[in-house]
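A.B. asks: Here you go, one structure.
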Amino acid sequence: VLEIEFSSSGHLVGQIVPPQVAVVEMRHRAGTTPVETDELGYFRVPAMPEGPVSFRCSPGRTAGPSIATSWITL
């Protein structure tokens, strides 16, 4: 599960459930913005692009498959 929330300061924070170290890529019109989660699965994306975005999660320590979300418009 990927939980995301927009902060009042204009960035996005999220968590992967169950908690794990992973790479989360926010895909958008201008390319991708990769961020790493911490041990609890939390991550922060500093700048939010306008328009459609999708998130792809790749496990950091396990050999599991990458998972991508549908595209949504922010």
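The values are calculated or read from the model by the stated rules, or taken from the named source; none is laboratory data. Remember, it's a predicted structure, so these values are computed and weren't measured experimentally. Neighbour counts run over all protein chains shown; Cβ positions are idealised from the backbone, glycine included. Remember, those area values only see protein heavy atoms, side chains included, never the ligands or the DNA or RNA. Shrake-Rupley method; radii C 1.70, N 1.55, O 1.52, S 1.80 Å.
A.B. asks: Quick check on region 25-38: of everything there that is within 10 Å of the chain's Cα centre (by Cα) and over 11 Å from residue 59 (Cβ atoms), which residue is most open to solvent (accessible area, probe 1.4 Å)?
C.D. replies: 36
A.B. asks: For region 28-64, which positions are touching a residue at least 40 places away in the same chain (Cβ under 8 Å), closer than 13 Å to residue 74 by Cβ and assigned to a strand (DSSP E or B)?
C.D. replies: Scanning region 28-64 gives a single hit, 55.
A.B. asks: Could you check residue 65 against (1) under 9 Å from the mean Cα position of the chain (by Cα); (2) open to solvent by 40 Å² or more (accessible area, probe 1.4 Å) and say which number it fails?
C.D. replies: Answer for residue 65: the failing condition is (1).
A.B. asks: Of these, 70, 58, which one is loosely packed, with under 14 Cβ neighbours inside 10 Å and either modelled with pLDDT of 95 or more or out of contact with any helix residue (DSSP H, G or I) (no Cβ under 9 Å at 6 or more places or on another chain) (or both)?
C.D. replies: So the residue among 70, 58 that is loosely packed, with under 14 Cβ neighbours inside 10 Å and either modelled with pLDDT of 95 or more or out of contact with any helix residue (DSSP H, G or I) (no Cβ under 9 Å at 6 or more places or on another chain) (or both) is 70.
A.B. asks: Only one of these is within 12 Å of residue 4 (Cβ to Cβ), among the aliphatic types (A, V, I, L, M), surrounded by fewer than 14 Cβ atoms within 10 Å (Cβ to Cβ) and in contact with a strand residue (DSSP E or B) (Cβ under 9 Å, 6 or more places away or on another chain): 17, 45. Name it.
C.D. replies: 17
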